2 protein chains.
Amino acid sequence: RVNPDLASERLAASFSVELLTASLDGGAERTRSRRAVVEAIENDPVFSQENQYFQSQNERYEAAVRRAVYLQKKIREMGWTENGPEVQYVNRCLSGDIALILHRVFMRSISMLGSDEQIAKWIPLATDYQIIGSYAQTELGHGTYLQGLETTAVFDDATQEFILNTPKISAMKWWPGDMGRSATHTVVFAQLYVHGKCYGVHPFILQIRSLQDHSPCPGVTVGDIGPKMNFQHTDNGFLQLQNVRVPRENMLSKFCKVQPDGTYVRWGSQKMNYFTMTSVRISILSDEVILPLKKACTIAIRYSAVRRQSKLKPGEQEAKILDYQTQQQKLLPQLATAYAFHFIKIYLDELFNRGYQDIQGKNFDSLPELHAFSSGFKATVSQQCTSGVEICLRACGGHGYSLLSGLPSLYTRIIASCIYEGENTILLLQTARFLIKCFMAVSAGQPVPPSVTYLSSVKPGKCPAKDKLDFLSPEIYLKAYEQMAIRLISSSAAKLQHFIQSGVDEYEAWNQCTVQLEKAAKAHCHYITVKNFVETVEKLDDEAGIQKIMKHLCDLFALHGIFSNMGDFLYDGYLTAAHMDLVTASYLDLLAVIRKDAVPLVDAFDFTDKTLNSALGSYDGQVYQRLYEWARKSPTNQQGNPAYGKYLKPLLQNTLSKL
Amino acid sequence: RVNPDLASERLAASFSVELLTASLDGGAERTRSRRAVVEAIENDPVFSQENQYFQSQNERYEAAVRRAVYLQKKIREMGWTENGPEVQYVNRCLSGDIALILHRVFMRSISMLGSDEQIAKWIPLATDYQIIGSYAQTELGHGTYLQGLETTAVFDDATQEFILNTPKISAMKWWPGDMGRSATHTVVFAQLYVHGKCYGVHPFILQIRSLQDHSPCPGVTVGDIGPKMNFQHTDNGFLQLQNVRVPRENMLSKFCKVQPDGTYVRWGSQKMNYFTMTSVRISILSDEVILPLKKACTIAIRYSAVRRQSKLKPGEQEAKILDYQTQQQKLLPQLATAYAFHFIKIYLDELFNRGYQDIQGKNFDSLPELHAFSSGFKATVSQQCTSGVEICLRACGGHGYSLLSGLPSLYTRIIASCIYEGENTILLLQTARFLIKCFMAVSAGQPVPPSVTYLSSVKPGKCPAKDKLDFLSPEIYLKAYEQMAIRLISSSAAKLQHFIQSGVDEYEAWNQCTVQLEKAAKAHCHYITVKNFVETVEKLDDEAGIQKIMKHLCDLFALHGIFSNMGDFLYDGYLTAAHMDLVTASYLDLLAVIRKDAVPLVDAFDFTDKTLNSALGSYDGQVYQRLYEWARKSPTNQQGNPAYGKYLKPLLQNTLSKL
């Protein structure tokens, strides 16, 4: 029952799909374990996403809460540990379509920022959903700029309480998930005032809804912020506070505390706040950003091997659209990108784990690098994956635009990742600030973290490539990327210096360089991604052709980057126009090479049909049959026509006599 | 009640907004007339779009049918003519959120392709909605490639009927608007067979639903194709036909006919089919493509002048986000693009009208040029406007992601314009084919249409610019664009020749050049857009500063194009790296200049708040207040919580005793 057009693609695979899957999973044992979990979840009707595309916001929300509650039970039943790999697999196969995600952030923040007593009191209640938590940081008027938060917490020594207020409309908490309709409690961030003095933003545990009837607590106005581009299943909420009192014990106090007399005491490092954000930015990349691109590639590439349209030669059968160079040029670079980012995520995890070990040994030296990398990669990976998903959607023509393809919901969800957890432009500028500092340090002969020592490379003359095959050599293209990144960073630094020396004040000079600084930060991340892909390929065994096909993908990723950003490479003459012709030729050749393995390469991502939830992307390639079956299930075909009786019938009722 | 942050922007305008609006409308008289129509429509509750963001697919559909039926009445009442400017204004202010649009295409196709008798029979019925029509061309398995359609119409001399069939699942009609739930009739395109011989695709009038009870006619299976990324108000449908018979008279026969004995007769020009597509591609640009970008710019720019975030200097008030260079770099090029395309639409209309006059005089010479231009500009304008709307959405951070901002629905709708009426890549390749032909003709000294005579320009040496101000001279940047377009077209032609001369067969050679051909077609359209902007600015009076500000926008559009496509300009050395530094400097300077007039420049588009339907983009800038008010109206806040009783209450009921 597999469409012969897909079956033939699989027969022609130049490598073992099963081995590549195991390699992506980190071993065959993990693949087996993942599949077992996926099976346990997918066979359970509570977790079915079958009707998702037809559901209203209320239906999505209800189903998501049901899943969250039921999953907790399932985890117990199966004996999975709270943060173990199985729960990761579950999240992967539920595609995040589950409620009470912010409850986890609520728990994490109490665990990280709370005292031992606070942890002992709240965590057991939260673990069993005896309270439901949220995380109220963002306000209507303030997102990424936390210092600007306007919610206040004023200490009242008389009652030993904090009085919480959102003093104006822009101070209202806005966006927190699970808060609009579900949460009973939240961690709320507010400017702490003691005896008239402001101590900055601090977290407080606050009850917002009655445990008896779920009505808002006195002084609390809470509700849902209304429909969004996606996340219909999440009750993102608003919260207004009017003189709401919480006991002194509710300020999270692992690192600081207000004593009964109002004395403010701080201990531990404030820098650890960075670390939470760093960890979240890296942790979302996998499921919320890279996974959607892998899915979009799977859907679009399988469909393109089944869809036939027009003829490559007159007289022949209509061609698979994947055989057109323009279609390859759309999809195959996205496929290479999905692999490149799969590997960069492993790189970031390692960087993070090393940093975390240092920190546990009270060495905070790696924090700036970790912060810069998590910011820059969150931004570049989310940006490129979002644009990749859009390309996949459009590459499927009209059918890609149907919700039933699965592509629109991937897009409307992934685009949020460019905004949440730090807006991408601001994040890139933070990376740029780190790079400029490192560049200055390198210029002054000071040491820098290993990841940026390349900034001290001596400027080479011209690229030595003479032939298009030379551009399949990683040393050749890596040097070009390195050179380009150094140039963009150094020229931004020079421009900044120039402004400052000519009397422009430092902040204004920075603002006037930001367009170029953003570009420099992207170039750095791009270079590191290519470098890491090359190093990953080198480490692979050439088992069953895997290293070979990964090398092709790595080359494609690298050359596509040069082809698409030609100006940055031509600018200083390191690459010439003649080189660009060679790059273009090699790049177009690679499209034809990888096209042959395109279907097996997406098969290796090993998505089940239920996880993909796409009429276009299923394993069997029965595209038209499935589109038709799913469309017939649509409520519009099950219910009566709401406009006929009222508006159409009166117009049509006398027509018959006139025909 | 206008937010002072917006009021101050308006006070600082360097030009008269009222005069610019009149200039965009083509005169103050037209502005008055447009506003009167908008008022008449917006004050009518039937046309209110107020609750749109909260409605289900069924509610959207019902409201859209109601509007369509009611609008017909209104048009009569007001004495507006069917295709007059008033109906255009209505469409503009309803943002296409109305049903029975395909009914108009049904009527247009009968008028253009039907015989006088057919027109006399069907058009009066259709005019009064006594029948409701659709246009069934696209199939599940075939879109842009019309020759591949699989629906058949076999002539039966015995009964003097055509027997219509969709012989396999991929032959099913799929996507036609108004067909899923509304239409009683449709024009269906099918391969005509007479006595076993196929005569290609022809249009037939077919009844699909009973005029008595709206049930499908015998042999007809019809329904809705299910949810899409947008267009919830439209019942895009599917249609299966099993031996459905229509009388011989139902084949539209202005240009060809099957006689009673089965003789096939053709007269008139088949090329006229092109002309319908050409006209549709140009006509959608205004309301479906350029208008959404203007709206997105209005919303994002007004919001960016109100939203304050972070500080440009320590100690100061938080800055308007529009004062950050990176925000300017996102939004202002989109604003310049909206103006550039406003003017290119006027250019295309003039080209089309001249061509149409020629055609009425039986001169078909301009068809290839018109076809190439309508294809290329449909593709480039829809592509750039789509990406512009996405940039605007993301530039509004989290609030842009709320449906209440109005931006998500602009995006999910405009992206369809990249796919419908011809997939953009295919269209660009058609433009490329025309350009290659013209280039060959020019090389052989043969005449070509005036719009492409530039292809014969002699290759100049190097760009003569010496200073950043030189790049504000249109001759300087126009020459660079011209040079770049010629190079991309000529090098594609050379590559194609090279392949063919080295023995690659012609079709394969074409396929192997398509990535570069697509780029060449884009370069041509980009050049023409800049050139037309320059010529438009030259023709403006410098009344009240309008020419001056338009000149700035034109410069920005041109320099942004060079800055963003650096490689194409650097490649052949016409511009050098030193030139690029000058371009960058001039471009960044322009951002700061145009930023001052950014709000007045979007005010000049003259959208009412109701048309924008955006909590972020209203004229008064009361962003937070409106977001909050609208969110409270959301059904999620009006209805009970569907998950509380079933899933949350059981968890929470014993918690109180433990706290």
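For chain B, the dipole from Cβ point charges (+1 on Lys and Arg, -1 on Asp and Glu) about the Cα centre works out to 1240 debye, to the nearest 20. Annotation for B:Met78 and A:Asp116: the two label points, set 7 Å from Cα along the Cα-Cβ direction, are 7.6 nm apart. Rounded to the nearest 500, the 222 nm mean residue ellipticity of chain A from helices alone is -17500 deg cm²/dmol, with -39,500 (n - 2.57) taken per DSSP H run of at least 4 residues. For the protein assembly as shown, the mean projected area of the C-alpha convex hull, equal to one quarter of the hull surface, is 50.2 nm².
Shielding by partners for peptide B:648-656, expressed as the average number of C-beta atoms from other protein chains within 10 Å of each residue's C-beta, is 6. Mean silhouette area of region A:102-226, derived from the convex hull of its C-alpha atoms and averaged over all directions, reads 8.1 nm².
Going by neighbour counts of Cβ atoms within 10 Å, the residues A:Ser286, A:Ser48, A:Ser215 line up, fewest first, as A:Ser215, A:Ser48, A:Ser286.
Using 0.36 nm per residue and subtracting the Cα-Cα separation, the extra length available between B:Glu535 and B:Glu629 on full extension is 29.2 nm. Approximating the spin labels as points 7 Å out from Cα along Cα→Cβ, the B:Gln259-to-A:Lys658 distance works out to 3.5 nm. Between A:Glu29 and B:Cys217, the modelled label-to-label distance comes to 6.8 nm, taking each label 7 Å out from Cα in the direction of the beta carbon.
Extents of chain B, largest first, come to 90, 87, 57 Å (Cα atoms, principal axes, whole angstrom). Can you compute the FRET efficiency between B:Thr276 and A:Asn363 using 1/(1 + (r/R0)^6), with r the Cβ-Cβ distance and R0 = 60 Å? Round to the nearest 0.05. Taking R0 as 60 Å, the efficiency between B:Thr276 and A:Asn363 is 0.25.
Peptide B:619-628 shows a mean partner chain C-beta count of 3 within 10 Å per residue C-beta. Fewest neighbouring Cβ atoms within 10 Å first, the residues B:Asp597, B:Asp213, B:Asp470 line up as B:Asp213, B:Asp470, B:Asp597.
Peptide B:162-175 is shielded by partner chain Cβ atoms: per residue, an average of 2 of them sit within 10 Å of its Cβ. Ranking of B:Leu588, A:Leu540 by neighbouring Cβ atoms within 10 Å, starting from the fewest: A:Leu540, B:Leu588.
Values in this text are rule-based calculations from the coordinates and carry no lab data. Nothing here was measured: the structure is a model prediction, and the numbers come from that model. Methodologically, a virtual Cβ is constructed for each residue, glycine included, from the backbone with ideal geometry; neighbour enumeration extends over all protein chains shown.
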